Amino acid sequence: MIIDIITIFPDMFRGPFTESMIGRAMESGLVDIRIHNLRDYAEGRHKVTDDYPFGGGAGMVMKPEPIFAAVEDLVGQTAPWGPDGPGAGTRVILLCPQGRTFDQFAARELSGAERLVFICGHYEGVDERVRQALVTDEFSLGDFILTGGEPAAIAMVDAVVRLVPGVLGHELSAVEESYSDGLLEYPQYTRPKDFREWSVPDVLLSGHHENIRKWRREQSLRRTLARRPDLLAAATATAGLTEKERLYLAELESGGGRDRAETGHGNVGDGTGRGDAGDGHAAGDSGAQEKKGSKHG
Ligand SMILES: C[S@@+](CC[C@H](N)C(=O)[O-])C[C@H]1O[C@@H](n2cnc3c(N)ncnc32)[C@H](O)[C@@H]1O
């Protein structure tokens, strides 16, 4: 995959893209990330990339000419594009707080592209004609305003690149983690088994794979209900919730409300044993998530 980033602050990408997983993905040739200084495409002695807004008002607006010149140079075509965009598999993305909210589904979608071109805005944003004729997608990181598109591009590239086949060491990690199937991930533990007054749930030490799978699924459901109940409607399709699991969630909600679906410091359960008897969901251990001297009673 080729990723082009058009920015007036190329140095901002130095650390994030040379370290860790992205650095390794670049070294192995799975992705090629190219940073382009927008000023190189600006005309005149001063290489100006912004100007005052027509109609007045505070701040500056990024000029269209250098942005068009940069994108057209990279994709080898002149805008406007045909219905397929600037070439099959190429997406021209504007980072923009007014765009579609970026999420794991979008990350997965973009990870299948051959080429992504990111345009980082600044000041009051970019001239409207960039949106009208040049970009194929506008993505927002969330309902807040950043100073510029660079941190958003870094976050998006990170989320997309780790889904490119071959980048993650363990491909299952991307399948099991939060949001990938519409649910939040189950709690994770590592050594030591006992840390201060908190112990790892017995089921995880049992070596019983089916019980561990059930416990994790139940924890995933409980956690999603407690923290992100909004995800559950869509998760019915994406996470393949069974009728039994839907009933279990309804029971949890009516029994103790969402707040009780997940309690406990440090991801340790509430010890109620709720759902661990007779309904076939739990691993028989969810109530035994150990917490010596629980703060929560
Ligand atoms: C200060 S913002 C401009 C905000 C613009 N005046 C508005 O109200 O929509 C400057 C640039 O930062 C980037 N940016 C700011 N917030 C963002 C967000 N939530 N997601 C993605 N990019 C963002 C965009 O590239 C934007 O052009």
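The values are calculated or read from the model by the stated rules, or taken from the named source; none is laboratory data. Treat the numbers as computed from the prediction; the structure is a model and nothing was measured. Cβ coordinates were reconstructed from backbone atoms using ideal geometry, including for glycine residues, and neighbour counts include every protein chain displayed.
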Check: Which residue out of ILE22, ILE3, ILE35 is among the aliphatic types (A, V, I, L, M) and without any contact (Cβ under 8 Å) to a residue 40 or more places away in the chain?
Finding: ILE35
Notebook entry, point to check: (1) more than 16 Å from the ligand (Cβ to nearest atom); (2) part of a helix (DSSP H, G or I): which one isn't true of GLY207, the others all being true?
Noted result: (2)
Next item on the list: For segment 190-202, state whether one or more residues are within 26 Å of the chain's Cα centre (by Cα) and either modelled with pLDDT of 95 or more or aliphatic (A, V, I, L, M) (or both).
Entry: yes
Item checked: Filtered residues of segment 118-159 (kept if buried (at least 23 other Cβ atoms within 10 Å of the Cβ), of a type in the set (Phe, Trp, Tyr) and more than 16 Å from the chain's Cα centre (by Cα)) -> PHE118
Next item on the list: Specify which of the listed residues (THR101, THR136, THR147) is in contact with a Gly (Cβ under 7 Å, 6 or more places away or on another chain) and either closer than 20 Å to LEU38 by Cα or aromatic (Phe, Trp, Tyr) (or both).
Entry: THR136
Item checked: Failed item in (1) among the acidic types (Asp, Glu); (2) over 18 Å from VAL160 (Cβ atoms); (3) without any contact (Cβ under 8 Å) to a residue 24 or more places away in the chain, with GLU27 passing the rest -> (2)
Margin query: Kindly evaluate PRO16 against the criterion of being crowded, with 17+ Cβ neighbours inside 10 Å, in contact (Cβ under 8 Å) with a residue 12 or more places away in the chain and in contact with a Lys or Arg (Cβ under 7 Å, 6 or more places away or on another chain).
Written below: no
